[in-house]
Structure formats: C-alpha cells, structure tokens
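Visitor: The structure under discussion is supplied below as structure tokens; questions concerning it will follow.
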Amino acid sequence: MDFILEPWAWYVGGPLIALTLFLYFYFGQNFGASTNFETLCTMAGAGKVSDYFKKDWKERDFALLFVVGLIIGGFISSNFLISNQTIDLNPKTIQELSDLGFANVANQYFPDEIFSKEAVFSLKGFLMLILSGISIGFGTRYAGGCTSGHAITGLSSFQTPSLLAVIGFFIGGIIAVWFIIPNLF
C-alpha cells in the first residue's frame, strides 16, 4: 500500500502516461476531458436549442467512460488514499498563504477558506464558482480543448496550437496566482 500512497517518480508516471496515450492513439481516440461537457449537453437535448450540439454523442461514449473513471478515481483517492493531510511546503509559501488569510496552511489539501460549505454557499463563493465555471467553459471551447488535452495529447503529437494554448494556460495561471487570487482573499 505504501507504493500507492507515496508520490510516484517521473520514471513510473511518465511511462504510464505514454502507455495511456499510445492506447488512445491506437484506438483512434483523443485524450482530454472538456469535450465531454459538450457531449453531456448533447445527451441532455441541447441540440434542440442550438445546432452546435446536434452531434451523435454515441461517437464519444469512450470519452464518457474516461470522465466516469476520473470521478470514481477522485472519490477513491480523496477518501481512501490520502493518509496524511500534512503537506511539505516551503516556509515562505506558508507565510505568504497565511498573510492572505489561510489558517490551516500545510495541514490540509483543501483549504476551508475556499472549499468549506460556508465558503461555497456564500454570495462571494457562489459568484466565484459561477464566473470560474463560465470562464473555464468558454476558454476550453475557445482554445479547442482543455489543459490535459493540449498539454498531453497536443504536445506529444507536436501540434503548434497546443503549444500556444499551454503557454496561455501558464500565463493565465500566473495572472490568477499573482493578481486575481490575492485580491479576492
């Protein structure tokens, strides 16, 4: 069990990702999750409202299994595989997060200031979730895919648009961490 609970070295995780990509490519599939939101909208009948959603969702059933696996894997790992919530963070990072108002820094993966029921169901938390969801949904469609699709599938197949998208993801992350988040908390 210790092997599963400890972080895996690059020489274990990297080949597993490569094997997964090989299997996706072999079976003619793309790796990524954002198209599944489109597929779920199609399944829910959004094609009656917009021609964009008039697609055969059964062509994407393979990818829907991927999302189901993500949900099940996330549940299993968060409930059974996180034995210790203590995080080994740089003391400067701990101080900076404490200065922003985070109380339990390095003692839990999901800060209560962001993920507690009180935070999520407050007006500020609810608006942040709505605006974040719309921004992510628009961004993934505008970029033609999500971070996993571009960074893993796109870069491994040498696609220039994926390289540009990944650079944009990093720039957006830097802007969020350095300018947006500090002004929200």
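The values are calculated or read from the model by the stated rules, or taken from the named source; none is laboratory data. Bear in mind that the values here come from a model prediction, so they are computed numbers and not experimental data. Every residue, glycine among them, receives a Cβ derived from its backbone with ideal geometry; neighbour counts consider all protein chains shown. Just the protein is used for accessible areas: all its heavy atoms, side chains included, with ligands, DNA and RNA removed. Shrake-Rupley method; radii C 1.70, N 1.55, O 1.52, S 1.80 Å.
Visitor: With (1) open to solvent by less than 90 Å² (accessible area, probe 1.4 Å); (2) in contact with a helix residue (DSSP H, G or I) (Cβ under 6 Å, 6 or more places away or on another chain) as the list, and Lys54 as the residue in question, which single condition is left unmet?
Guide: Lys54 satisfies all of (1) open to solvent by less than 90 Å² (accessible area, probe 1.4 Å); (2) in contact with a helix residue (DSSP H, G or I) (Cβ under 6 Å, 6 or more places away or on another chain) except (1).
Visitor: In the list Gly139, Gly144, which residue meets the criterion of being small (Gly, Ala, Ser) and at negative phi?
Guide: None of the others qualify; the one that does is Gly139.
Visitor: When the range 155-176 is examined, which residues are found to be farther than 28 Å from Tyr26 by Cα, of a type outside the set (Phe, Trp, Tyr) and open to solvent by 40 Å² or more (accessible area, probe 1.4 Å)?
Guide: Ile171, Ile174, Ile175
Visitor: In the range 102-114, how many are loosely packed, with under 14 Cβ neighbours inside 10 Å and modelled with pLDDT of 85 or more?
Guide: Within the range 102-114, residues that are loosely packed, with under 14 Cβ neighbours inside 10 Å and modelled with pLDDT of 85 or more number 4.
Visitor: Right, next: How many residues, within the range 61-119, are of a type in the set (Asp, Glu) and within 19 Å of Val177 (Cβ to Cβ)?
Guide: 3
Visitor: Starting from the range 139-167, keep only residues that are free of Cβ contacts under 8 Å to residues at least 40 places away in the same chain, then list their pairs with residues that are of a type in the set (Phe, Trp, Tyr) and surrounded by 15 or more Cβ atoms within 10 Å (Cβ to Cβ) whose Cβ atoms are within a distance under 6 Å, requiring at least 6 positions of separation or different chains.
Guide: That search, which allows pairs on different chains as well, returns Thr147/Phe169.
Visitor: Do we have Ala63 as free of Cβ contacts under 8 Å to residues at least 12 places away in the same chain and surrounded by 14 or more Cβ atoms within 10 Å (Cβ to Cβ) here?
Guide: The answer is no for Ala63.
Visitor: Would you please list the contacts, defined by Cβ atoms under 9 Å and residues six or more apart or on different chains, that run from a residue in the range 87-112 that is under 24 Å from Leu5 (Cα atoms) to a residue that is polar (S, T, N, Q) and in a helix (DSSP H, G or I)?
Guide: Val105/Thr93; Val105/Gln95; Val105/Ser98; Ala106/Thr93; Tyr109/Ser78; Phe110/Ser78
Visitor: Sticking with this one: I'm trying to understand the selection: among the residues of the range 122-154, which are open to solvent by less than 30 Å² (accessible area, probe 1.4 Å) and not in a helix (DSSP H, G or I)?
Guide: Gly145, Cys146, listed by residue number.
Visitor: For Phe75, work out the one condition from (1) open to solvent by less than 70 Å² (accessible area, probe 1.4 Å); (2) in a helix (DSSP H, G or I) it doesn't fulfil.
Guide: (1)
Visitor: In the range 1-47, how many are in a loop (DSSP other than H, G, I, E, B), more than 29 Å from Trp57 (Cβ to Cβ), open to solvent by 60 Å² or more (accessible area, probe 1.4 Å) and of a type in the set (A, V, I, L, M)?
Guide: Result for the range 1-47: 1.
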